[in-house]
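Report on one structure; see the data block that follows.
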Amino acid sequence: MRKIYLLFICIGLICLSFSSGIQAQSNTVEKQESQDIKIEELRIFPNPMPEGSDLYITSRLGLTKQVSIYSVLGKKLHFKVLVGKKLDISHLNRGVYIIKVTEGNKTATRKLIIE
């Protein structure tokens, strides 16, 4: 009886060793960040900026931008579709924020400090 179980185990291991369709992980998986296309020559200034002043956002193409500002905890605090380059964020208090800028299909995320 033990020989039959041993035979089944050996046959099972041999069958599994020849099956090429089963893979635990693939080495060809790339990080999503490396595939993202960044906004060319994006400038967000002044950074750090004084409290109550305006923020300027420019890029090489100068297209309309969607700007979202988040707290460091991930809460969305401000959203604006920016046609020019001047963004009024005087209502934000001192602190550290995350700013996400989308221009066309390109996106960039930066840290924003208000002093």
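The values are calculated or read from the model by the stated rules, or taken from the named source; none is laboratory data. This is a predicted model, so every value here is computed, not measured. Every residue, glycine among them, receives a Cβ derived from its backbone with ideal geometry; neighbour counts consider all protein chains shown. What goes into the accessible areas is simple: the full protein's heavy atoms, side chains included, and nothing from ligands, DNA or RNA. Shrake-Rupley method; radii C 1.70, N 1.55, O 1.52, S 1.80 Å.
A few points about this structure:
- Within the stretch 88-115, restricting attention to residues that are open to solvent by 90 Å² or more (accessible area, probe 1.4 Å) and outside any strand (DSSP E or B), the residue that is farthest from Leu55 (Cα to Cα) is Asn105.
- Number of the condition not met by Leu55 [criteria: (1) in contact with a His (Cβ under 9 Å, 6 or more places away or on another chain); (2) open to solvent by less than 80 Å² (accessible area, probe 1.4 Å)]: (1)
- Only one of the listed residues (Ile44, Ile37) is surrounded by 10 or more Cβ atoms within 10 Å (Cβ to Cβ), of a type in the set (A, V, I, L, M, F, W, C) and modelled with pLDDT under 90. That residue is Ile37.
- Search result, residues across the stretch 62-87 that are exposed (fewer than 14 other Cβ atoms within 10 Å of the Cβ) and within 16 Å of Arg43 (Cα to Cα): Gly62, Leu63, Thr64, Val83, Gly84, Lys86
- Answer residue from the stretch 41-81, given it is in contact (Cβ under 8 Å) with a residue 40 or more places away in the chain and under 21 Å from Gly104 (Cβ atoms) and is nearest to the chain's Cα centre (by Cα) among those: Ile69
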